[in-house]
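I have placed the structure first, in the form of structure tokens, so that the comments after it can refer back to it.
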Amino acid sequence: MYFEEVRNGSCVSYVIGCERTCAALVVDPALEQRDRYLALTSARGMRIRYLLDTHTHADHFSGARRLGADLGVPTVMHRASPAPFIDVRVEDGESLIVGELRLRVMHTPGHTRDSLCLVLPDRVCTGDTLLFGATGRTDLPTGDPEALYDSLFHHLLALDTSLLMFPAHNYQGVAAHTLADERTTNPRLQKTERTAFVDMMRSLNLKMPDHLTEALRTNCTGGKTVGEIIREAAEKISFVTMDELRRRIERGDPGMAILDVREADQYATGHVPGALHVPRGQLELRIDDVFPDPTTRILAYCEFGKISTIAAATLRSMGFSGAVALDGGFRAWREAGCPVETGGPTRRA
Ligand SMILES: [Fe+2]
């Protein structure tokens, strides 16, 4: 069996392959690691056959849907998953066949209702059910400390505890070890009495993860992340650096129309000298009045450089093939000491 850990920050995904038949599966794939999964498997002549998410992630964006669509590979989750794009829904006790490997699904609700562990002959991928030195939290949507207690003490730890455990997060770079080792050292597993365990889980008082609602929206619906929308827009345009724009303004001829796409009050408190103003929300409806000539070169900017990227891509899609965005936003422009003009919105007649 081929087994490789792929880290993406503190998230860990696993490539599991059958060397004889060259079939592979990726557990908890991350979109950013797409090329790495492909490189690892193709270097061994393997082909990815399944993408499996151990649960609905609330703290990061699953790569399963996009990768599945890109690679033509089915996505797998527990039947309780709310995601509509899952191809293969599995239940407790069922197995996935990957070449000659049999990967048994163990339903372990608690961290989420759809959490599962994947049991292999010598190891178990524990998802967020059991982490090194911790467990998955139970205070996020569909979390349930009572269910986690049953999953841990009656199911996961009822397995052969000489199995190695591989969780979906590894915050401190802990080396892989057995369920038995974890049972001895993990402070949460010392609360072996149900009420004590549930009380402990309810009193953890953890900080909400960043991007919680965005991650749940994306992972539950298959919709795009904000980052993806900006990345896709960035791929359609080119950029002008702040240094380049500053040089052009200082020589008195920017060689392009400068367009501020922020809100009017932001524009009024300070903008790039000579900038026209059309807020992003009115761009499509007003742009033809402002720029009747679609060959006009337009440089869009906003506060942080994200909305202007989308605005420039929108302009290109409308036929303004010379639309570009400022690499950076007005905040950085101002902080760098670049020239700033103040006053109400400037509109071209
Ligand atoms: Fe999680």
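The values are calculated or read from the model by the stated rules, or taken from the named source; none is laboratory data. Remember, predicted model here, so these are calculated numbers, not experimental data. Every residue, glycine as well, gets a Cβ built from its backbone with ideal geometry; the counts of neighbours run over all protein chains shown.
Overview of values
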| quantity | calculated |
| --- | --- |
| Lone unmet requirement of (1) within 29 Å of G337 (Cβ to Cβ); (2) assigned to a helix (DSSP H, G or I); (3) in contact (Cβ under 8 Å) with a residue 24 or more places away in the chain; (4) not β-branched (V, I, T) for E284 | (1) |
| So L103, is it assigned by TED's automatic domain parsing to the domain that holds T142 and within 16 Å of the ligand (Cβ to nearest atom) | no |
| Filter result (more than 23 Å from the chain's Cα centre (by Cα), assigned to a loop (DSSP other than H, G, I, E, B) and buried (at least 17 other Cβ atoms within 10 Å of the Cβ)) within region 159-190 | L163, N186 |
| Hits in region 106-127 (condition: among the acidic types (D, E), closer than 18 Å to E4 by Cα and within 11 Å of the ligand (Cβ to nearest atom)) | none |
| Options V324, V340; residue that is more than 23 Å from A234 (Cα to Cα) and modelled with pLDDT of 95 or more | V340 |
| Residue in region 249-267 that is among the hydroxyl-bearing types (S, T, Y) and in contact with a strand residue (DSSP E or B) (Cβ under 8 Å, 6 or more places away or on another chain) present | yes |
| Condition check for G99: modelled with pLDDT of 95 or more and loosely packed, with under 15 Cβ neighbours inside 10 Å | no |
| Strands (runs of 3 or more DSSP E) lying entirely in region 77-116 (those with 3 or more residues that are within 22 Å of the chain's Cα centre (by Cα)) | none |
| Residues satisfying the stated conditions in region 43-60, i.e. touching a helix residue (DSSP H, G or I) at 6+ places or on another chain (Cβ under 7 Å), closer than 21 Å to V90 by Cα and either within 16 Å of the ligand (Cβ to nearest atom) or outside the structural domain of C18 (by TED's automatic domain parsing) (or both) | D53, T56, H57, A58 |
| Set A268, A264: member being surrounded by fewer than 18 Cβ atoms within 10 Å (Cβ to Cβ), hydrophobic (A, V, I, L, M, F, W, C) and under 34 Å from the mean Cα position of the chain (by Cα) | A264 |
| Region 61-76, residues that are within 16 Å of the ligand (Cβ to nearest atom) and not in a strand (DSSP E or B) | F61, G63, A64 |
| Complete set of residues in region 201-228 that are assigned to a helix (DSSP H, G or I) and in contact with a helix residue (DSSP H, G or I) (Cβ under 7 Å, 6 or more places away or on another chain) | M201, R202, E214, V226 |
| Answer from F239, F304 - the residue that is part of a loop (DSSP other than H, G, I, E, B), within 27 Å of the chain's Cα centre (by Cα) and aromatic (F, W, Y) | F304 |
| Odd one out for P141 among (1) surrounded by fewer than 21 Cβ atoms within 10 Å (Cβ to Cβ); (2) more than 16 Å from the ligand (Cβ to nearest atom); (3) in a loop (DSSP other than H, G, I, E, B); (4) within 20 Å of the chain's Cα centre (by Cα) | (2) |
| Any chance L156 is within 16 Å of the ligand (Cβ to nearest atom), without any contact (Cβ under 8 Å) to a residue 60 or more places away in the chain and in the same structural domain as R123 (by TED's automatic domain parsing) | yes |
| Residue within region 329-345 that is surrounded by 14 or more Cβ atoms within 10 Å (Cβ to Cβ), assigned to a strand (DSSP E or B) and either free of Cβ contacts under 8 Å to residues at least 60 places away in the same chain or of a type outside the set (D, E) (or both) present | no |
| Single unsatisfied condition, L38 versus (1) assigned to a loop (DSSP other than H, G, I, E, B); (2) touching a strand residue (DSSP E or B) at 6+ places or on another chain (Cβ under 8 Å); (3) not basic (K, R) | (1) |
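For (1) over 26 Å from R217 (Cα atoms); (2) surrounded by fewer than 20 Cβ atoms within 10 Å (Cβ to Cβ); (3) among the small types (G, A, S), each residue gets a yes or a no:
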position	(1), (2), (3)
V27	no, no, no
D70	no, yes, no
P74	no, yes, no
R89	no, yes, no
D92	no, yes, no
S115	no, no, yes
G127	no, no, yes
F132	yes, no, no
